[in-house]
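Heads up, the thing below is written out as structure tokens.
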Amino acid sequence: MTKVEGIAGALQAKLADGVRSVTTFRGQTTAQIELGLIVRACQVMREELGFELLAALTCVDYWPEEPRFSVVYQLYSVQHNELLGLRVAVDSRLGEVPSVVSVYPNANWHEREVFDMFGVRFSGHPDLRRLIMPHDWEGHPLRKDHPLGYEEVQFSFNFDEIDRRKPYAKG
Amino acid sequence: MLQPSMEVTVDELKHLVSAQALSGETMLLNMGPQHPSTHGVLRLLLELDGEVVLQCIPDIGFLHTGIEKNMEAKNYLQALVMTDRMDYLNNLGNNLVYCLAIEKLVDLDVPPRAQAIRVILAELQRISSHLVWLATHALDLAAMSTFLYCFREREQILDIFEMCSGQRMMTSYIRPGGIWRDLPAGFEEAVRQFTRTFPKRIAEYESLLTRNPLFIDRTRKIGVIGAEDALRWGLTGPMLRGSGVGLDFRKSQPYSGYELYDFDIPTGTHGDTYDRYLVRMEELRQSLRIIEQALDRLPGGPFISDNRKFVPPPRRELGQSMEAVIHHFKLWTEGFSAPKGSVYAITESPRGELGCYLEGDGGPKPYRVHFRTPSLAALQTLPTLSRGHYVADLVAIIGSIDIVLGDADR
Amino acid sequence: MGVEQKLGNLGVVTTTLEKAVNWSRTGAMWPMLFGLACCAIEMMSAQSADYDLSRFGMELMRPSPRQSDLMIVAGRVSRKMAPVLRRLYDQMPDPKWVIAMGDCCSCGGVFNNYAIVPGVDEIVPVDVYIAGCPPRPEGLIHGILTLHEKVRGETLKDWA
């Protein structure tokens with residue numbers, strides 16, 4: 001058992017049913033956490049197990065499967081030099097994740113970005129609004145059912161046709 | 001589309017600014033997306049009491065390119081091209097982190113020659129990024145000649161990149177499995193020429209700035225952050241090292257053979273702008289050390305993996321082997337497939353921790369690729385760093401954070 | 001309007017006047033600092049000592065649109081930035097020219113998605129397009145010289 005698997009085991013011991021499973025893929029360990037206990041898990045990781053840095057916070061969309069979203073946290077420990085990932089499965093209907101801003105302040109903008117790109121709401125977040133898209137944009141771009149916004153490419157055979165349609169600016 | 005959607009009314013920001021701003025006692029100023037000192041398209045809403053910044057609310061997204069979603073629509077090798085354009089001062093570093101993630105996901109080996117070449121190029125890229133940082137930081141603080149000197153050095157490095165790949169900036173030279181093609185004949189000579197002349201240049205920049213009382217006045221005790229706070233706020237790289245925490249992912253989570261090279265990690269003590277400047281200047285010297293070591297022990301051998309499931313065969317094999325033709329066909333039409341699972345690869349970019357979270361789904365296109373970029377994490381701390389300073393100091397702080405908006409917005 | 005009406009069509013006088021005016025406009029065309037992304041770095045390289053822009057009178061990059069003649073749109077224009085770009089273009093006084101530097105502002109470049117405006121000519125009228133991703137500093141200088149040629153061919157009525 002590697003050191004990080006040992007740490008994941010310690011987390012499992014402290015959280016009882018909070019940790020649903022611990023998997024290792026290509027040498028990296030990820031623990032699946034219950035949705036309601038993510039703040040407690042982060043607190044344990046930070047204060048008791050010594051993982052001071054929230055390296056990354058992102059989200060994956062598994063549309064049309066349910067639970068649709070999976071919020072991924074990557075935690076890094078400077079003292080142990082170990083990386084541990086946490087995952088939380090979010091249903092698209094219930095869809096609110098407790099915010100970990102109280103434990104890791106830098107989660108603020110990362111959670112705003114996840115809200116902006118995926119529409120996952122974070123309860124307890126001090127300022128949940130769009131970060132990257134214009135503030136009146138409709139839709140959440142990184143969802144799998146949001147279109148790419150692909151524009152037809154102008155080749156020589158359809159050049160004139162597209163040229164007529166393209167909204168060129170007047171001076 | 002042309003309606004000004006960037007207009008945000010004061011009502012919407014009520015919860016972020018103090019009551020004095022709403023009553024008019026303090027001033028709300030927009031330091032707009034087009035500004036010479038913001039190093040890109042960054043919009044800051046400042047609440048000012050005279051010249052003193054009480055609150056600073058960054059508004060980003062003006063350079064959002066939808067790279068992550070666009071990469072999901074291309075196969076792994078096509079998506080590599082888009083990574084160059086993310087942090088446009090660290091092109092090879094972006095390529096490297098993406099390739100490391102792919103190699104981890106599909107379990108692909110990289111030959112030692114390719115690893116050494118990747119290290120040389122990544123360190124050259126680090127030097128060129130720090131040169132642009134120094135040029136723009138000094139330019140903001142009115143040391144204009146440094147700008148010209150730094151870009152003169154940078155031209156030497158860009159010539160080296162052009163020699164390898166044909167392109168000065170967006171090289172896409174680092175591919176999954178190794179590098180695109182072997183080093184050209186004049187490479188070693190050019191890099192040695194650079195490592196011979198560069199230390200004198202660093203001494204030149206230091207003589208201009210390091211003990212200059214004007215520079216020290218403008219950077220000492222500006223934008224101070226302590227070690228505890230820096231970790232809580234997720235800072236990495238020179239921002240964190242300036243506050244005294246010696247965390248460098250090249251040493252702690254070594255990749256691409258960094259464990260073979262001997263180099264130091266400079267740290268500061270006070271966590272202010274001046275210490276971050278000293279840290280980055282010392283990093284220039286350490287990068288030169290790494291380049292010299294890597295060039296001295298550059299091993300021979302293949303420059304890319306020979307696992308034909310992922311790496312296209314060279315053209316001379318196509319005339320002789322049927323399997324090579326089949327692999328070539330599959331790789332250039334559909335692309336290679338990655339298994340289901342997710343990995344997180346970390347590298348040390350000139351700005352801090354650059355991470356790539358890659359999730360495959362068994363197909364030839366990445367299911368989800370996310371880049372943990374250091375500029376986004378560092379920009380979050382701007383309100384904390386700039387509270388209580390003057391607007392002119394804000395300019396120095398933005399320069400010392402070394403943000404690249406392409407990195408922050410992706 | 002203006003000069004042409006007063007002078008009438010005096011032939012040689014107006015053409016010589018045009019030549020003089022156009023020559024002076026190309027002599028020191030001040031660019032506005034509008035570097036957005038990667039092309040901005042190549043624009044900065046063109047500004048610096050190796051490929052000098054000050055031999056064209058352009059060493060001053062004016063941050064203020066009111067004091068500049070030329071907007072070099074260098075880099076990708078996102079949908080959030082588009083209104084800002086238009087507003088700055090409107091704030092520039094006549095005569096003004098626009099160079100679209102790089103692939104992203106000419107046609108959308110590498111990106112074809114919801115976030116990037118495919119071609120800055122949907123927002124402002126462009127005079128010269130420079131190809132490249134990013135174009136070399138020599139490419140930018142070639143574009144500027146092309147613009148100078150275009151300006152030399154202008155008549156007084158264009159901006160009067």
Subject >> Formal net charge of residues neighbouring C:GLY57 (Cβ-Cβ distance under 14 Å; K, R +1; D, E -1) >> reply: 0
Original post:
Karplus couplings for the stretch C:120-135 from phi (6.51 cos²θ - 1.76 cosθ + 1.60, θ = phi - 60°), rounded to Hz, Gly and Pro as x?
Top reply: 6, 6, 7, 10, 10, x, 9, 8, 10, 9, 10, 8, x, 9, x, x
**OP:** Please figure out what share of the DSSP beta bridges in the protein assembly as shown is antiparallel and state it in percent, rounded to the nearest 5.
**Re:** 75
Original post:
Relative to the first principal axis of the alpha-carbon coordinates of chain B, what is the inclination of helix B:91-106, with its axis defined by its Cα atoms, in degrees from 0 to 90 and to the nearest 10?
Top reply: 50
Subject >> Descending semi-axes in whole angstrom, ellipsoid equivalent of the stretch B:358-410, from the Cα gyration tensor >> reply: 35, 9, 6
**OP:** Using a Gaussian network model of chain B whose springs link C-alpha atoms within less than 10 Å, name the residue from B:MET169, B:MET86, B:MET144 with the highest mean-square fluctuation.
**Re:** B:MET144
**OP:** Report the GluC sites (Glu not before Pro) located in the stretch A:124-171 that are in a DSSP loop and have at most 13 other Cβ atoms inside 10 Å of their Cβ, or state none.
**Re:** A:GLU138, A:GLU152
Original post:
Under a 1.4 Å probe, what is the accessible area of chain B per residue, stated in Å²?
Top reply: 34
Original post:
Any idea of the total accessible area buried by the A-B contact, 1.4 Å probe, rounded to 100 Å²?
Top reply: 4100
Subject >> Mean separation of Cα contacts under 8 Å (6+ apart) over length of the stretch B:160-281, as relative contact order % >> reply: 22
**OP:** Give the Rg/Rh ratio for the stretch A:91-161, taking Rg as the radius of gyration of the Cα atoms and Rh as the Kirkwood radius, to two decimals.
**Re:** 1.21
**OP:** Can you give me the P(r) profile for the stretch B:18-107? Cα pairs, bins 5 angstrom wide beginning at 0, each as a whole percent.
**Re:** 3, 12, 15, 15, 12, 10, 9, 8, 8, 6, 3, 1, 0
Original post:
Dividing the alpha-carbon radius of gyration of the protein assembly as shown by 2.2 N^0.38 Å (N being the number of residues), what value is obtained?
Top reply: 0.97
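In the stretch A:1-81, which trypsin sites (Lys or Arg not before Pro) fall in coil by DSSP and have 16 or fewer other Cβ atoms within 10 Å?
Answer in residue order: A:ARG26.
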Subject >> Rounded to 10°, Cα long-axis angle of helix A:107-118 versus longest principal axis of chain A >> reply: 40
**OP:** With a cut-off of at most 16 other beta carbons within 10 Å, and DSSP calling the residue loop, which trypsin sites (Lys or Arg not before Pro) in the stretch B:177-261 qualify? Please list them.
**Re:** B:ARG181, B:ARG211, B:ARG220, B:LYS221
Original post:
Given B:LYS251/B:LYS340; C:LYS19/C:LYS96; A:LYS3/B:LYS340; B:LYS104/B:LYS365; A:LYS170/B:LYS74; A:LYS144/B:LYS330, which pairs have Cα atoms separated by over 23 Å?
Top reply: B:LYS251/B:LYS340; A:LYS3/B:LYS340; A:LYS170/B:LYS74; A:LYS144/B:LYS330
**OP:** Using 0.36 nm per residue of separation minus the Cα-Cα distance, give me the extension gain between B:LYS309 and B:TYR390 in nm, one decimal.
**Re:** 23.4 nm
Subject >> Mean-position separation - Cα centroids, the stretch A:50-99 and the stretch B:117-187, in angstrom >> reply: 35
**OP:** Determine the gain in length on full extension of the stretch B:SER321-B:LEU148; use 0.36 nm per residue of separation and subtract their C-alpha separation, reporting nm with one decimal.
**Re:** 57.0 nm
Original post:
Once the Cβ-Cβ distance between C:ALA49 and B:LEU214 is put in as r, and R0 is 25 Å, what FRET efficiency do you end up with, to the nearest 0.05?
Top reply: 0.60
**OP:** For the stretch B:269-410, with all protein chains present and a 1.4 Å probe, just round the carbon and sulfur fraction of the accessible area to a whole percent.
**Re:** 57
**OP:** Would you list which aspartates and glutamates come within 13 Å of B:LYS200, measuring only between C-alpha atoms, while excluding same-chain residues fewer than 8 positions from it?
**Re:** B:GLU153
Original post:
In whole Å and largest first, what semi-axes does the C-alpha gyration tensor of chain B yield when each eigenvalue is scaled by 5 and square-rooted?
Top reply: 39, 27, 17
Original post:
Which value, in debye to the nearest 20, describes the size of the charge dipole of the stretch B:109-260 about its Cα centre when Lys and Arg Cβ atoms bear +1, Asp and Glu Cβ atoms bear -1, and nothing else is charged?
Top reply: 160
Subject >> Value of D in µm² per second that Stokes-Einstein yields for the stretch B:75-174, Kirkwood Rh from Cα pairs, at 4 °C (1.567 mPa s) >> reply: 89
Original post:
Relative to a virtual label point 7 Å from the Cα of A:ALA169 in the Cα→beta-carbon direction, which members of the stretch C:118-132 show backbone nitrogen distances below 16 Å?
Top reply: C:118-130
Original post:
Mind checking which helices in chain C clear 30 Å along their axis (Cα) and have mean Kyte-Doolittle hydropathy of 1.6 or more, DSSP H runs only?
Top reply: none
Original post:
What is the distance, in nm, between label points placed 7 Å from the Cα along the Cα-to-Cβ direction at A:ASN81 and at A:THR24?
Top reply: 1.8
Original post:
Rounded, prolate or oblate: which one fits the stretch C:22-160, using the alpha carbon gyration tensor with axes a ≥ b ≥ c (rounded when a/c is under 1.5, else prolate when a/b beats b/c, else oblate)?
Top reply: oblate
**OP:** Could you list which residues have their amide H under 5 Å from that of B:THR26, counting only those 5 or more apart in sequence or on another chain, with H placed in the peptide plane?
**Re:** B:ALA21
Original post:
Given H placed on each backbone N at 1.01 Å, which residues far from A:LEU53 in sequence or on other chains put an amide H within less than 5 Å of it?
Top reply: A:TYR76, A:VAL78
Subject >> Anisotropy class of the stretch B:146-193 from Cα gyration tensor, a/c 1.5 cut >> reply: oblate
Original post:
Using a simple spin-label model with points 7 Å from Cα along the Cα→Cβ vector, what separation in nm is obtained for B:ALA203 and C:SER24?
Top reply: 5.1
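What is the Cα convex hull volume of the stretch A:1-90 when expressed per residue in Å³?
Hull volume normalised by residue count: 90 Å³.
Can you give the accessible area per residue of the stretch C:45-110, in Å², using a 1.4 Å probe?
31
The values are calculated or read from the model by the stated rules, or taken from the named source; none is laboratory data. Fair warning: this is a prediction, and the values are worked out from it, not measured in the lab. When we count neighbours, we look across all protein chains shown, and the Cβ atoms used for this are built from the backbone with ideal geometry, even at glycine. What goes into the accessible areas is simple: the full protein's heavy atoms, side chains included, and nothing from ligands, DNA or RNA. Shrake-Rupley method; radii C 1.70, N 1.55, O 1.52, S 1.80 Å.
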